[in-house]
Amino acid sequence: MKKINRSLLLALAFILTLSGCTSLLKLTYQNEDFKWVTPENLAKIVVQSTRDIGFRFVVTDADTIRELHESLAAAMPMEETNTMEPDYIFEFTTYDNEVRKFYYTSGVGTQEDGGNFYNDDKVYLVLNRIDASLIKNLFALRKPQDFFQGYYGSILEAARKVREDFPDRSLGIMINEDKEMLKFQMSYEILDFNLELNGLGIHPVYSDRETDVVMNIRTRGYKTNLYKALVEVRDNINKKTIRYYILASYANEAWTTQVSDELPEGF
């Protein structure tokens, strides 16, 4: 009887701990598919933006490669990719000139979203650690602070002003032609930006003829703490173009944005 009770207790204890095993597995799980991502095997890693073919980084630093391996060692195999466009292409080149290519969608990190690191053969879910370390460091010297608020937030301020000036017109906005900033745009940020636009009754467009009024964004300069843009507003009803100017600055961990139809001082 004592043996039976002891067995039952052990079984019960095992069952009760199953619910906590997921967290433990996440801490101890190692994906052997990426064991080749080491400084000893790789001559270089090329990280290229999918939105700007000329914007690419070549990684040869051993510590960076080891850090990337740690992230990929925790990658979970998935059945499907996420539904968003990839932001980067990773090309791993070995010392034998073998090249392995993967696509990566930044900012996706839950199983419900699907895999975010994949090629034609396999799909993986990689946590945002790549964004927090590798990608963030690559952009650190060039990308504006708090990019979503600095860039998209400034454009939204301009969109609100244009909406006020054209309250009864269909209004669209083009950012796909803003070549200077394409390399910084992430799929998940574009999605959030489009949702904000929808709340204003504005839609992303790909031609300056799609709606009554179309905003075309043209970046004119940026630093990590400064952003300037020209907004060309095409009025297709009256066949004329109006210009607005965006001047935004970053201080005290926040962006301050000015939108004017007159050329501002400091622009």
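Here are the numbers for this structure:
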read-out: Amide H partners (placed H, <5 Å) of MET78, local residues excluded; value: VAL123, TYR124, LEU125
read-out: Formal net charge of residues neighbouring LYS179 (Cβ-Cβ distance under 14 Å; K, R +1; D, E -1); value: 0
read-out: Residues with amide H under 5 Å from that of ARG220, placed H, sequence gap 5 or more; value: LYS228, ALA229, LEU230
read-out: Where LEU125, LEU195 fall by accessible area, highest first, once all protein chains stay in place (1.4 Å); value: LEU195, LEU125
read-out: Dipole of region 143-237, positive end: most advanced residue of MET186, VAL214, ILE173 [Cβ charges, Cα centre]; value: MET186
read-out: Selection from PHE117, SER154, LEU263, by position along the positive dipole direction of region 112-267 (Cβ); value: LEU263
read-out: Mean projected area in nm² (Cα convex hull; one quarter of hull surface) for region 143-230; value: 5.2 nm²
read-out: Summed side-chain charge close to ASP33 - residues other than ASP33 whose Cβ falls under 12 Å, Lys, Arg +1, Asp, Glu -1; value: +1
read-out: Value of relative contact order over region 156-267, rounded to a whole percent, pairs C-alpha under 8 Å and six or more apart; value: 22 percent
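The values are calculated or read from the model by the stated rules, or taken from the named source; none is laboratory data. Just so it is clear, the model here is predicted, and its values are computed rather than measured. Note that each Cβ is placed from the backbone with ideal geometry, even for glycine, and that neighbours are counted across all protein chains shown. Areas reflect the complete protein model, heavy atoms only, side chains present, ligands, DNA and RNA absent. Shrake-Rupley method; radii C 1.70, N 1.55, O 1.52, S 1.80 Å.
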